[in-house]
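Heads up, the thing below is written out as structure tokens.
The values are calculated or read from the model by the stated rules, or taken from the named source; none is laboratory data. These numbers were taken from a predicted model, which means no experiment stands behind them. Please note: Cβ atoms are built from the backbone with ideal geometry, for glycine as well, and neighbour counts cover all protein chains shown. These area figures cover heavy atoms from the full protein model, side chains too; ligands, DNA and RNA do not enter into them. Shrake-Rupley method; radii C 1.70, N 1.55, O 1.52, S 1.80 Å.
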Amino acid sequence: MSFEKNNRFRGELLRQWREMRSVDIAVLARQVNMSVAQLQQLESDELAPGERPLFYSETIKANAAKKVATTLGADLKELFAVSPGEQASGKELMHMQVLDDLAALLEKQKQARHAAQGRHFWRSRLLWSVLALCVAGALVWHFQNVLSTRVHGWFLAARQAASPEMAPAPSVSEPPSSDASLVPNEPLATVAQDSKLSLADALCRHQVLGDPLKASSPSKAGNMVYIMAEADASVCVQDAAGKKFAVDIKAQESRSFYGAAPWTVHVDKSSSVHLFFQGQRLRWPEGEQNSMTLQEVKGAY
């Protein structure tokens, strides 16, 4: 098994290599653009009870371990080496998994045969039920329109009979259209209430202030922005072509947005989301800034 395809690594080696080179963990964290807590998780093979993982996939965690080992000048093959006992155990688990998958497949085939016996009957009943609902809905809509027209005619006739000289009410001019251009960064609740927009749509109208963010160690092209929410968040993402994505993301959910760089990203609370661009997590600047431009770092990816 080659270490390029194996996500399991020996975290204690990272700590040993760092201590042998007398490198402080905070200094190493700045060199590899990670937090001290992330390095501590890499150097520990198991999470403490109640500890939350700081890497959203094992592949990203393994890539982070490779980056730390390369910075320390260590051997990646030794980092991802697997003992003979673990290899044998892995083969036994693989065989057991194959048998379990085969048993599950046979059970699914059995269930499919039983389901196919009554599928035609239930499909016919569903079709007739949908057709009956459509006909009933059409009849209700037709009678509502007829009844509404007649009631309106009776009401006008009664008003004309009661006040023959009543002049027609003046027409009400339509309100002027609102400017859809960017507005100053007002409170989101006020903008959404005034324009009857959702919070995510209101974010798209904000201006972007400050310098653009760039990946310090990009590993892929900038045609995608990945956002993971720790708490409920409203997000507006716009690419260079003007394509906008205004979404509300629930806690522990994630979304990927595809388009052309540079990007503009607006969030209601920067502390509630994790932002990933060009294969790297980017950190929001300090302060209350909730809008940011993502500038692509060109390269051969």
Exercise for review: Select from the stretch 24-40 the residues that are within 27 Å of the chain's Cα centre (by Cα) and farther than 22 Å from Phe277 by Cα and list them in ascending order.
Suggested key: Gln40
Review point. Taking Gln252, is it of a type outside the set (Ser, Thr, Tyr), touching a Gly at 6+ places or on another chain (Cβ under 6 Å) and within 25 Å of Leu54 (Cα to Cα)?
Key: no
Check your understanding: Yes or no: Val273 in contact with a helix residue (DSSP H, G or I) (Cβ under 8 Å, 6 or more places away or on another chain) and modelled with pLDDT of 90 or more?
Key -> no
Check your understanding: With respect to Asn63, is the statement that it is of a type outside the set (Ser, Thr, Tyr), surrounded by 11 or more Cβ atoms within 10 Å (Cβ to Cβ), at pLDDT 85 or above and on the phi > 0 side of the Ramachandran plot true?
Key -> no
Check your understanding: Is one or more of the residues making up the stretch 26-44 touching a Gly at 6+ places or on another chain (Cβ under 8 Å), farther than 23 Å from Arg255 by Cβ and exposed (fewer than 13 other Cβ atoms within 10 Å of the Cβ)?
Key -> no
Revision key, fill the gap. Expected single match for closer than 30 Å to Gln252 by Cβ, at pLDDT 75 or above and among the small types (Gly, Ala, Ser) among Ala132, Ala189, Ala138, Ala221 is Ala221
Check your understanding: So which pairs qualify, if the first residue must be in the stretch 62-90 and under 25 Å from Gln280 (Cβ atoms), the second must be among the aliphatic types (A, V, I, L, M) and modelled with pLDDT of 85 or more, the Cβ gap must be under 6 Å, and the two must be at least 6 apart or on different chains?
Key -> Ala65/Leu42; Lys67/Val32; Val68/Leu14; Val68/Val32; Thr71/Val32; Leu76/Ala69; Leu79/Leu13; Leu79/Ala69
Practice item. Please report, ordered by residue number, the strands (runs of 3 or more DSSP E) entirely within the stretch 198-301 with at least 2 residues that are open to solvent by less than 60 Å² (accessible area, probe 1.4 Å) and among the β-branched types (Val, Ile, Thr). Key: 224-229, 233-238, 244-249, 263-267
Revision key, fill the gap. When the stretch 72-88 is checked residue by residue, the ones that are surrounded by fewer than 16 Cβ atoms within 10 Å (Cβ to Cβ) and at pLDDT 85 or above are Gly73
Practice item. Starting from the stretch 204-226, take each residue that is at positive phi and list its partners that are modelled with pLDDT under 90, counting only C-beta distances under 8 angstrom and pairs at least six apart or across chains. Key: Gly210/Pro285; Gly210/Gln289; Gly210/Met292
Exercise for review: Could you please tell me which pairs satisfy a Cβ distance under 8 Å, a separation of 6+ or placement on different chains, a first residue in the stretch 107-127 that is at pLDDT below 80, and a second residue that is of a type in the set (D, E, K, R) and surrounded by 10 or more Cβ atoms within 10 Å (Cβ to Cβ)?
Suggested key: none
